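A quick write-up on the structure given underneath.
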Amino acid sequence: MDSNLLERIKIDAIETCATTGIMVKKNTEKGHPEYIHAPISLFPLVYPADLLQKALEMQPDLGKLVGSIIANPQQHIYSLLKNFSVHDFFMSRLIEISGKFNALKLKQDIHMCILRSDYMID
């Protein structure tokens, strides 16, 4: 592939991240936030079918595990993330909002969970 074309594709992909909000915060001095594009791949590797099948088979059990953890955030989530929240304002706000909501002790039939699951081959 032409190196100029590859460079143009790379720049376009990075600019697309910036314009669509696919950004992550870098660890910088407090009060001086910096953002970079999230990790991306121009040419992803093929994910082996047998490992994809294993990931699909594990998903129901992983869902049950995550469900049991979020069912009691005071015991599992807040204590685990309290050290991170000191350094990450976004995490701190998420925990604060969750704590206020859970303090209301409302009965819910439907739950929403923001998850990021990375299934890595190794």
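Report the chymotrypsin sites (Phe, Trp or Tyr not before Pro) located in the stretch 17-122 that are in a DSSP loop and have at most 16 other Cβ atoms inside 10 Å of their Cβ, or state none.
Details: sites: Tyr35, Tyr78, Phe84, Phe89, Phe90, Phe101, Tyr119; in loops: Tyr119.
Counting only loop positions with at most 16 other Cβ atoms within 10 Å, the chymotrypsin sites (Phe, Trp or Tyr not before Pro) in the stretch 17-122 are Tyr119.
In a fully extended conformation the segment linking Ala13 and Val66 would gain 15.8 nm over its present Cα-Cα distance, using 0.36 nm per residue.
Each residue of the stretch 56-61 was assigned a 3J(HN,Hα) from its phi angle through the Karplus expression (A = 6.51, B = -1.76, C = 1.60, θ = phi - 60°), giving 5, 5, 7, 4, x, 5 Hz with x at Gly and Pro.
Compactness ratio for the stretch 45-122: Cα radius of gyration over 2.2 N^0.38 Å (N = residue count) comes to 1.38.
For the stretch 22-122, how many pairs of lysine residues have a Cα-Cα distance under 19 Å, where the two are 8 or more positions apart or belong to different chains?
Details: Lys25/Lys82; Lys30/Lys82; Lys54/Lys64; Lys82/Lys100.
Summing the qualifying lysine pairs gives 4.
Here's how it looks for Tyr35: its modeled amide H is under 5 Å from those of Lys26, which are all 5 or more places away or on a different chain. For the chain, adding -39500 (n - 2.57) for each run of n ≥ 4 DSSP H residues and dividing by the number of residues yields -16500 deg cm²/dmol at 222 nm.
In whole Å, what three semi-axes, largest first, describe the equivalent ellipsoid of the stretch 1-44 built from its Cα gyration tensor (square root of 5 times each eigenvalue)? Here the semi-axes work out to 26, 10, 9 Å. Around the amide H of Met23, modelled in the peptide plane, lie the amide H atoms of Ala38, all under 5 Å away and 5 or more residues distant in sequence or on another chain. Relative to the longest principal axis of the Cα atoms of the chain, the long axis of helix 89-103 makes an angle of roughly 30 degrees.
For Asn27 and Phe101, FRET efficiency with R0 = 30 Å and r from the beta-carbon atoms, rounded to 0.05?
That gives a FRET efficiency of 0.60.
Values quoted throughout were computed directly from the atomic coordinates according to the rules given, and no laboratory measurement underlies them. These figures come from a predicted structure and were not determined experimentally. All Cβ positions, even for glycine, are placed from backbone atoms using ideal geometry, and neighbour counts span all protein chains on display.
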